[in-house]
Amino acid sequence: MRKPIIGGNWKMNRGVPTEAKEMLDKFIPLVKDMDTVDIVIGAPFTVLSTVHDLIKATNIKLSAQNMHFEENGAYTGEIAANFLKSIGCEYIILGHSERRDLFHETDDFINKKLKKALSVGLNPIVCIGEHLEEREAGKTKEIIQNQLNNTFKDLSKDEMLKTVIAYEPIWAIGTGKTATPKQAEEIHAFIRGLLANKYDLDTASKVRIQYGGSVNPANAEDLFKQQNIDGGLVGGASLQADSLSEIVKAADKTIK
Ligand code: PEP
């Protein structure tokens with residue numbers, strides 16, 4: 001059985017300590033007994049310590065949204081994996097399509113970060129997904145297969161088991177256009193099949209694959225009910241305590 005995981009990706013929002021506190025003061029009591037679901041908040045760097053202090057005695061885990069693969073050195077503006085670990089981060093979101101598209105991150109670059117994150121004991125949530133033109137050209141599976149081969153290159157079975165995959169069709173991110181449960185399940189099942197080929201059936205059956213792309217309280221349950229969907233990575237709807245807690249509850253309801 002795979003434990004569902006709900007990640008709230010705040011992106012460049014809630015980055016002022018009072019804003020983060022206001023959201024979490026409402027959210028924490030709403031999800032306090034939900035131990036059946038892993039709940040992760042991906043906060044901006046400026047509030048990681050604030051969020052850590054607020055959630056440290058709760059069932060919620062802390063994530064950052066980016067890191068560099070080097071340990072230290074002349075990388076102005078960058079943050080190393082061990083810095084994040086040292087302030088209580090347990091997860092790291094890598095390869096988000098906004099990082100890939102706006103900041104030109106490649107599969108190879110993300111692969112280096114992924115290996116570094118694993119080496120310091122951060123649990124990576126790694127995003128993959130196709131653009132609208134790629135879907136319309138019938139290339140979704142090809143794109144996903146290439147991203148999986150390259151982003152997860154040379155990952156051992158144990159490392160793969162510690163990694164969460166977030167399938168996020170880029171045309172569904174922040175657009176209000178969700179993939180249908182059937183469209184999402186088709187790709188999740190495809191990803192699991194690729195993992196079975198690369199590793200084995202047992203490993204493939206244990207890796208968690210989240211769906212991301214305009215998840216909200218109204219569509220979460222139908223998505224999470226699908227056999228190969230293990231929760232969601234949530235952007236817009238993670239900014240409000242009510243909507244994020246409803247999504248966590250949908251994950252709890254659909255435990256398989
Ligand atoms: C995301 O940022 O990963 C995301 C899926 O955003 P949204 O839920 O707003 O589409």
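The values are calculated or read from the model by the stated rules, or taken from the named source; none is laboratory data. Fair warning: this is a prediction, and the values are worked out from it, not measured in the lab. All Cβ positions, glycine included, derive from the backbone under ideal geometry; neighbour counts span all protein chains shown.
Please verify whether Asn228 is part of a loop (DSSP other than H, G, I, E, B), within 11 Å of the ligand (Cβ to nearest atom) and either of a type outside the set (Lys, Arg) or buried (at least 19 other Cβ atoms within 10 Å of the Cβ) (or both), treating the condition exactly as stated. In short, no. Out of Ala166, Ala179, one residue alone is surrounded by 15 or more Cβ atoms within 10 Å (Cβ to Cβ) and part of a strand (DSSP E or B). It is Ala166.
In region 217-236, the residues that are over 9 Å from Ala250 (Cα atoms) reach residues that are surrounded by fewer than 18 Cβ atoms within 10 Å (Cβ to Cβ) and of a type in the set (Gly, Ala, Ser) with C-beta atoms within less than 8 angstrom, at least six apart or across chains, in these pairs: Gln227/Ala189; Asn228/Ala189; Gly235/Gly174; Gly236/Gly174. If you go through region 183-217 and keep only what is part of a loop (DSSP other than H, G, I, E, B) and more than 16 Å from the ligand (Cβ to nearest atom), you end up with Tyr199, Asp200, Val207. If only residues of region 22-77 that are part of a loop (DSSP other than H, G, I, E, B) and in contact with a Ser or Thr (Cβ under 8 Å, 6 or more places away or on another chain) are counted, the one that is nearest to Ala251 (Cα to Cα) is Val31.
Going through region 16-31 one residue at a time, which ones are within 15 Å of Ser243 (Cα to Cα) and surrounded by fewer than 16 Cβ atoms within 10 Å (Cβ to Cβ)?
Matches in region 16-31: Glu22, Asp25, Lys26, Pro29, Leu30.
Number of residues in region 160-213 that are hydroxyl-bearing (Ser, Thr, Tyr) and modelled with pLDDT under 95 equals 2. A count restricted to region 231-250 and to residues that are in a loop (DSSP other than H, G, I, E, B) and in contact with a helix residue (DSSP H, G or I) (Cβ under 8 Å, 6 or more places away or on another chain) stands at 2.
A quick yes/no check of all residues on (1) exposed (fewer than 15 other Cβ atoms within 10 Å of the Cβ); (2) in contact (Cβ under 8 Å) with a residue 12 or more places away in the chain; (3) not acidic (Asp, Glu):
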site: Thr58; (1), (2), (3): yes, yes, yes
site: Asn72; (1), (2), (3): yes, no, yes
site: Leu84; (1), (2), (3): no, yes, yes
site: Leu94; (1), (2), (3): no, yes, yes
site: Arg99; (1), (2), (3): no, yes, yes
site: Asp108; (1), (2), (3): yes, yes, no
site: Lys115; (1), (2), (3): no, yes, yes
site: Ser119; (1), (2), (3): yes, yes, yes
